[in-house]
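*Asks:* Take this structure, written in structure tokens, and hold onto it; I'll ask about it next.
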Amino acid sequence: MKVTWLEDFLALVDTGTFSRAASLRNVTQPAFSRRIQMFEDWLGVELVNRRAHRLELTDTAARFEPALRGLVNEVYEVRSRMRADAVAEHRVGLTTQHTLMVSHLPRLLRQLRDRHEGTAFRVRTGNLEDCILQLSRGEADMLMCFELEGEPLSGYTAGKMERIPVGMEQLIPVAARDPSGRPSFDPVESRTIRLLSYPEESFLGRVVRNQCLAELVRDHTVETVCESAFTMGIKEMTLSGLGIAWLPYHLIEREIQDGSLVALHESLHTPRLNICLYASTGEHDPRFDDMWAALKAESPAL
């Protein structure tokens, strides 16, 4: 049995005539009719009522047409997955936090592809603990992550990982600009602050809680109105004027410049974050070893 026979039958169903189906399949009508007959012979079942004046499927063909259509789709899906799996064996696996995928990862991948032409990458995202777990299990070759300045991931990776600093980020407290040109929430003028933040168990949540809120809650009533691990969602909520948030500068640089967001860094703390690459000290594909050696010799500037 050939997949082309299945496709021929479905083309016949879709077009409604042998002539149009043959044209769609780029064969002559006699050749197309023979292929339908061969499919029927293989099945041991008639598909078309040849005694009817117009195209008419047999009851069995009509009942099983959805199953045959699904079978064709499944065959191509399996083929696609098998090809992708074979290619994945030769890809560099990279895992990173959700925020970095938006803010810095595209720049890193462009630089790596320019330096190592022909190298393919497979990217996964997650929270920091999940990313570290993927790296330690060998499910990724390289981790790209935030670190609080002065606090590398030594507690997670002691003796097992190599580290390359590649950039810097700052968490900037911002609020939307109101019609008068003032921030919608101003900690200098208001004693009540609505906060858009991150889950306490997330990396950014811990940074905001430990580095930013201790000072704020002494003098203000802080009402958390939204918690989300996705910084782009927090950014949109902030732009809508729903509260203040600490957001990575590279995500909001344009909005600060065009005035839609107001930076509150003069009155609130702005934590500095390192951006680093980690790789395990175990065995890797030789191509990744070459890439990592080149990164250690000349780290990309992000």
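The values are calculated or read from the model by the stated rules, or taken from the named source; none is laboratory data. Predicted model only: the values in this text are computed from it and were never measured. Methodologically, a virtual Cβ is constructed for each residue, glycine included, from the backbone with ideal geometry; neighbour enumeration extends over all protein chains shown.
*Asks:* Would you be able to say whether some residue in region 112-130 is in a helix (DSSP H, G or I), in contact with a Phe, Trp or Tyr (Cβ under 7 Å, 6 or more places away or on another chain) and assigned by TED's automatic domain parsing to the domain that holds TYR198?
*Replies:* Within region 112-130, one or more residues are in a helix (DSSP H, G or I), in contact with a Phe, Trp or Tyr (Cβ under 7 Å, 6 or more places away or on another chain) and assigned by TED's automatic domain parsing to the domain that holds TYR198.
*Asks:* As an exercise: evaluate GLY138 against (1) at positive phi; (2) free of Cβ contacts under 8 Å to residues at least 40 places away in the same chain; (3) not aromatic (Phe, Trp, Tyr) and give the number of the one condition it does not meet.
*Replies:* Among (1) at positive phi; (2) free of Cβ contacts under 8 Å to residues at least 40 places away in the same chain; (3) not aromatic (Phe, Trp, Tyr), GLY138 violates only (2).
*Asks:* Scan region 266-302 residue by residue and report those that are within 30 Å of LEU216 (Cα to Cα) and either modelled with pLDDT of 90 or more or of a type in the set (Lys, Arg) (or both).
*Replies:* Of everything in region 266-302, those that are within 30 Å of LEU216 (Cα to Cα) and either modelled with pLDDT of 90 or more or of a type in the set (Lys, Arg) (or both) turn out to be LEU268, HIS269, THR270, PRO271, ARG272, LEU273, ASN274, ILE275, CYS276.
*Asks:* How about region 122-156: which of its residues are of a type in the set (A, V, I, L, M, F, W, C), within 14 Å of ARG206 (Cα to Cα) and within 17 Å of the chain's Cα centre (by Cα)?
*Replies:* Passing the criteria: only LEU128.
*Asks:* Enumerate the pairs (first residue in region 40-64 and within 18 Å of THR17 (Cα to Cα); second residue anywhere and assigned to a helix (DSSP H, G or I) and not hydrophobic (A, V, I, L, M, F, W, C)) with beta-carbon separation below 8 Å, excluding pairs fewer than 6 apart on the same chain, so at least 6 apart or on different chains.
*Replies:* Here the result reads GLU46/GLU40; GLU46/THR60; LEU47/GLU40; LEU47/THR60; VAL48/GLU40; LEU57/GLU65, each pair linking region 40-64 to a residue that is assigned to a helix (DSSP H, G or I) and not hydrophobic (A, V, I, L, M, F, W, C).
*Asks:* Suppose we keep only residues that are free of Cβ contacts under 8 Å to residues at least 60 places away in the same chain and under 20 Å from the mean Cα position of the chain (by Cα) within region 104-121. Which one would you say is surrounded by the most Cβ atoms within 10 Å (Cβ to Cβ)?
*Replies:* Of region 104-121, the ones free of Cβ contacts under 8 Å to residues at least 60 places away in the same chain are 105-106, 109-110, 113-114, 117-118, 120-121.
Then drop every residue that is not under 20 Å from the mean Cα position of the chain (by Cα), which leaves 105-106, 109-110, 113, 120-121.
Details: LEU105: 20, PRO106: 11, LEU109: 16, ARG110: 11, ARG113: 13, ALA120: 11, PHE121: 16.
In this case the residue turns out to be LEU105.
*Asks:* Within region 158-180, track down each residue that is farther than 30 Å from GLY138 by Cα and free of Cβ contacts under 8 Å to residues at least 60 places away in the same chain.
*Replies:* Listed by number, the residues that qualify are PRO179, SER180.
*Asks:* Which of the numbered conditions does LEU133 fail, given that it passes all the others? Conditions: (1) aliphatic (A, V, I, L, M); (2) surrounded by 20 or more Cβ atoms within 10 Å (Cβ to Cβ); (3) outside any strand (DSSP E or B).
*Replies:* (2)
*Asks:* Among the residues of region 70-90, is any part of a loop (DSSP other than H, G, I, E, B) and under 30 Å from ALA140 (Cβ atoms)? Give the derivation first.
*Replies:* Here is the first cut: in region 70-90, the residues part of a loop (DSSP other than H, G, I, E, B) are 89-90.
Checking which are under 30 Å from ALA140 (Cβ atoms) leaves us with 89-90.
Scanning region 70-90, I find at least one residue that is part of a loop (DSSP other than H, G, I, E, B) and under 30 Å from ALA140 (Cβ atoms), so the answer is yes.
*Asks:* Looking at LEU268, LEU247, can you tell me which residue is among the aliphatic types (A, V, I, L, M), over 25 Å from the mean Cα position of the chain (by Cα), under 22 Å from GLU149 (Cβ atoms) and in the same structural domain as THR99 (by TED's automatic domain parsing)?
*Replies:* Result of the check over LEU268, LEU247: LEU268.
*Asks:* Restricting attention to region 244-266, which residues are touching an Asp or Glu at 6+ places or on another chain (Cβ under 8 Å) and either among the hydroxyl-bearing types (Ser, Thr, Tyr) or farther than 30 Å from MET161 by Cα (or both)?
*Replies:* Narrowing region 244-266 to residues touching an Asp or Glu at 6+ places or on another chain (Cβ under 8 Å): 248-250, 261, 264.
Passing the criteria: TYR249, LEU261, LEU264.
*Asks:* Still on this structure, I have one more. Checking the structure you have, find out if any residue of region 20-33 is in contact (Cβ under 8 Å) with a residue 60 or more places away in the chain, under 24 Å from VAL75 (Cα atoms) and either within 40 Å of the chain's Cα centre (by Cα) or surrounded by fewer than 18 Cβ atoms within 10 Å (Cβ to Cβ) (or both). Reasoning before the result, please.
*Replies:* Keep residues of region 20-33 that are in contact (Cβ under 8 Å) with a residue 60 or more places away in the chain, which gives none.
Checking region 20-33: not a single residue is in contact (Cβ under 8 Å) with a residue 60 or more places away in the chain, under 24 Å from VAL75 (Cα atoms) and either within 40 Å of the chain's Cα centre (by Cα) or surrounded by fewer than 18 Cβ atoms within 10 Å (Cβ to Cβ) (or both).
*Asks:* To continue, here is another question. Name the residue that is farthest from LEU128 (Cα to Cα), counting only residues in region 198-225 that are part of a loop (DSSP other than H, G, I, E, B) and acidic (Asp, Glu). Show your work before the answer.
*Replies:* Initially, region 198-225 is screened for residues part of a loop (DSSP other than H, G, I, E, B), giving 198-202, 220.
Subsequent filtering for residues that are acidic (Asp, Glu) retains 200-201.
On the way: GLU200: 13, GLU201: 10 Å.
So, considering only residues that are part of a loop (DSSP other than H, G, I, E, B) and acidic (Asp, Glu), the one farthest from LEU128 (Cα to Cα) is GLU200.
*Asks:* Within region 245-288, track down each residue that is out of contact with any helix residue (DSSP H, G or I) (no Cβ under 7 Å at 6 or more places or on another chain), of a type in the set (Ser, Thr, Tyr) and under 30 Å from GLU189 (Cα atoms).
*Replies:* TYR249, SER267, THR270
*Asks:* Determine if region 216-223 includes at least one residue that is under 18 Å from LEU171 (Cα atoms), surrounded by 16 or more Cβ atoms within 10 Å (Cβ to Cβ) and assigned by TED's automatic domain parsing to the domain that holds LEU171.
*Replies:* yes
Matching residues to (1) buried (at least 18 other Cβ atoms within 10 Å of the Cβ); (2) touching a residue at least 12 places away in the same chain (Cβ under 8 Å); (3) under 30 Å from ARG177 (Cβ atoms):
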position: GLY241; (1), (2), (3): no, yes, yes
position: ILE244; (1), (2), (3): yes, yes, yes
position: GLU253; (1), (2), (3): no, no, yes
position: GLN257; (1), (2), (3): no, no, yes
position: LEU268; (1), (2), (3): yes, yes, yes
position: ARG272; (1), (2), (3): no, yes, yes
position: LEU295; (1), (2), (3): yes, yes, no
position: PRO300; (1), (2), (3): yes, yes, no
